[in-house]
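*Asks:* Structure provided below as structure tokens; questions to follow.
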Amino acid sequence: MEIDGAEILDTYAEAFSTWIARIIVTAASERWATAAAVEATGFATSRIGCPCEAGIERRLGEEETPDSRPGIAILVCSEKKNLRENVAARIGQCILPAPTASAFDGLPDAPSRFYTRMHYFGDAYEERCKVGDRLCWRIPVMEGTYVGEERFGIVKGIAGGNILVMGGDQASALAGAEAAADAIAGLRDVITSFAGGVVGSGSEVGCRNYRFPMPASTNHAWCPTLKGLVDDSQVPPGVESVYEVVVNGIDEESVRAAMRAGILAAAGTGRVVAIGASNFEGKLGPHRIRLPDLFR
């Protein structure tokens with residue numbers, strides 16, 4: 001099939017299961033809510049080498065936050081056994097120290113929950129308090145008080161949904177990928193954890209040409225410079241640059257909606273030759289999202 005001159009390859013994105021927590025970061029101003037949220041989602045692009053995957057989901061109006069202040073929702077994704085540790089570390093090291101910032105649970109109805117035990121930072125000077133109907137802690141800090149929750153809900157979600165945006169040159173492919181990332185940014189229940197939402201060096205599971213173990217290596221089949229040098233290149237004719245947009249989400253429906261929005265936006269630039277997806281013959285995960293099915 002074709003959209004706005006871009007061929008949509010008959011292939012699928014291979015995704016895997018993950019556990020997700022949503023943190024609502026609030027502050028006295030949008031500046032400090034943003035600063036805390038950006039810091040809390042750092043070094044969290046891929047489970048290959050990062051402790052977790054995380055990103056900004058969307059900005060929240062004051063009517064959407066527990067304390068009626070400017071807010072940002074972030075998603076933190078990892079294995080269930082590591083999620084509490086990752087959330088606690090990012091709140092304790094990135095949100096609690098940020099001026100005027102607070103952290104609240106963004107999944108209050110989730111059946112699975114954990115405690116971050118953040119109140120221990122108060123060294124027995126902390127006090128229980130309520131923000132609306134939420135049970136929180138008030139912790140004395142140098143600027144005054146930190147107020148936030150320490151109980152967070154988690155849900156089983158999906159990571160690794162993706163599209164590959166291809167162009168006849170680097171500038172064209174990047175313009176399409178940027179448009180896709182911009183279309184996904186701000187959608188509910190999804191994040192794109194890589195820098196700017198775009199991946200310039202996609203990876204594959206393991207490696208083929210070194211004897212020592214590697215968790216991942218360059219996705220050689222999608223490297224345009226290796227066309228003609230590898231026998232399994234998948235780069236279509238006329239493509240000289242490929243970018244990946246990776247999506248994690250609360251559920252498959254949200255990931256599919258984000259991928260669809262990204263494809264439409266990328267193709268809509270009129271500069272994209274083809275759009276595909278990355279998969280690894282079932283080595284990465286059980287979820288398969290076929291691109292043509294997104295438009296049926």
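*Asks:* Let me confirm something: among S254, S193, S241, which residue is hydroxyl-bearing (S, T, Y) and within 20 Å of G168 (Cβ to Cβ)?
*Replies:* Working: S254 fails: within 20 Å of G168 (Cβ to Cβ); S193 fails: within 20 Å of G168 (Cβ to Cβ).
After ruling out the rest, the residue left standing is S241.
*Asks:* Would you tally the residues in the range 211-257 being over 30 Å from I20 (Cα atoms) and hydrophobic (A, V, I, L, M, F, W, C)?
*Replies:* Applying the first criterion (over 30 Å from I20 (Cα atoms)) to the range 211-257 yields 211-212, 220-221, 223-241.
Restricting the remaining residues to those that are hydrophobic (A, V, I, L, M, F, W, C) gives 212, 221, 223, 226, 229-230, 235, 239.
Adding up the residues that qualify gives 8.
*Asks:* With respect to V247, determine if the residue is part of a strand (DSSP E or B), under 15 Å from S172 (Cα atoms) and modelled with pLDDT of 95 or more. Steps first, please.
*Replies:* Values: part of a strand (DSSP E or B): yes; under 15 Å from S172 (Cα atoms): no; modelled with pLDDT of 95 or more: yes.
No: the conditions fail for V247.
*Asks:* Taking the range 112-133, which residues are in contact (Cβ under 8 Å) with a residue 24 or more places away in the chain and of a type outside the set (K, R)?
*Replies:* S112, F114, Y115, T116, M118, H119, F121, V131, G132, listed by residue number.
*Asks:* Another question about this same structure. Applying the selection to the range 77-88, what residues are out of contact with any Ser or Thr (no Cβ under 8 Å at 6 or more places or on another chain) and without any contact (Cβ under 8 Å) to a residue 60 or more places away in the chain?
*Replies:* Within the range 77-88, K81, N82, E85 qualify.
*Asks:* Residue check, V205 against (1) modelled with pLDDT under 95; (2) buried (at least 19 other Cβ atoms within 10 Å of the Cβ), all met but one. Which one?
*Replies:* Checking V205 against (1) modelled with pLDDT under 95; (2) buried (at least 19 other Cβ atoms within 10 Å of the Cβ), the one that fails is (2).
*Asks:* Taking only the range 91-137 into account, find how many residues are more than 11 Å from F152 (Cβ to Cβ), of a type in the set (K, R) and surrounded by 14 or more Cβ atoms within 10 Å (Cβ to Cβ). First the steps, then the outcome.
*Replies:* Here is the first cut: in the range 91-137, the ones more than 11 Å from F152 (Cβ to Cβ) are 92-102, 109, 111, 117, 119-137.
After this cut, where a residue has to be of a type in the set (K, R) as well, the list is 117, 128, 130, 134.
Right, trim to surrounded by 14 or more Cβ atoms within 10 Å (Cβ to Cβ) and you get 134.
Residues flagged as more than 11 Å from F152 (Cβ to Cβ), of a type in the set (K, R) and surrounded by 14 or more Cβ atoms within 10 Å (Cβ to Cβ) within the range 91-137 amount to 1.
*Asks:* Answer yes or no as to whether V76 is modelled with pLDDT of 95 or more and crowded, with 23+ Cβ neighbours inside 10 Å.
*Replies:* Values: modelled with pLDDT of 95 or more: yes; crowded, with 23+ Cβ neighbours inside 10 Å: yes.
In short, yes.
*Asks:* Considering only the range 115-155, how many residues are in a strand (DSSP E or B) and in contact with a strand residue (DSSP E or B) (Cβ under 6 Å, 6 or more places away or on another chain)?
*Replies:* 15
*Asks:* Can you say whether V235 is of a type in the set (A, V, I, L, M), in contact with a Lys or Arg (Cβ under 7 Å, 6 or more places away or on another chain), outside any helix (DSSP H, G or I) and not assigned by TED's automatic domain parsing to the domain that holds R59, as far as the supplied structure shows? Walk me through how you get there before you give the answer.
*Replies:* Details: of a type in the set (A, V, I, L, M): yes; in contact with a Lys or Arg (Cβ under 7 Å, 6 or more places away or on another chain): yes; outside any helix (DSSP H, G or I): yes; not assigned by TED's automatic domain parsing to the domain that holds R59: yes.
Against the criterion (of a type in the set (A, V, I, L, M), in contact with a Lys or Arg (Cβ under 7 Å, 6 or more places away or on another chain), outside any helix (DSSP H, G or I) and not assigned by TED's automatic domain parsing to the domain that holds R59), V235 qualifies.
*Asks:* Can you tell me which residue in the range 220-255 is nearest to the chain's Cα centre (by Cα), limited to those that are surrounded by fewer than 20 Cβ atoms within 10 Å (Cβ to Cβ) and aliphatic (A, V, I, L, M)?
*Replies:* Only one residue fits best here, namely A221.
*Asks:* Go through the residues of the range 256-279 one by one and say whether even a single one is surrounded by fewer than 24 Cβ atoms within 10 Å (Cβ to Cβ) and more than 28 Å from A185 (Cα to Cα).
*Replies:* No: zero hits.
*Asks:* Of the conditions (1) farther than 15 Å from V247 by Cα; (2) free of Cβ contacts under 8 Å to residues at least 60 places away in the same chain, A36 satisfies every one except a single condition; which number is it?
*Replies:* That leaves (2) as the condition not met.
*Asks:* Among the residues of the range 156-193, which ones are surrounded by fewer than 21 Cβ atoms within 10 Å (Cβ to Cβ), not in a helix (DSSP H, G or I) and not charged (D, E, K, R)?
*Replies:* G168, A185, G186, L187
*Asks:* Of the conditions (1) hydrophobic (A, V, I, L, M, F, W, C); (2) within 19 Å of R31 (Cα to Cα); (3) out of contact with any Ser or Thr (no Cβ under 7 Å at 6 or more places or on another chain), I91 clears all except one; give me its number.
*Replies:* (3)
The values are calculated or read from the model by the stated rules, or taken from the named source; none is laboratory data. This structure is a prediction, so every number in the text was calculated from the model and none was measured. Backbone-built Cβ (ideal geometry, glycine too); neighbour counts: all protein chains shown.
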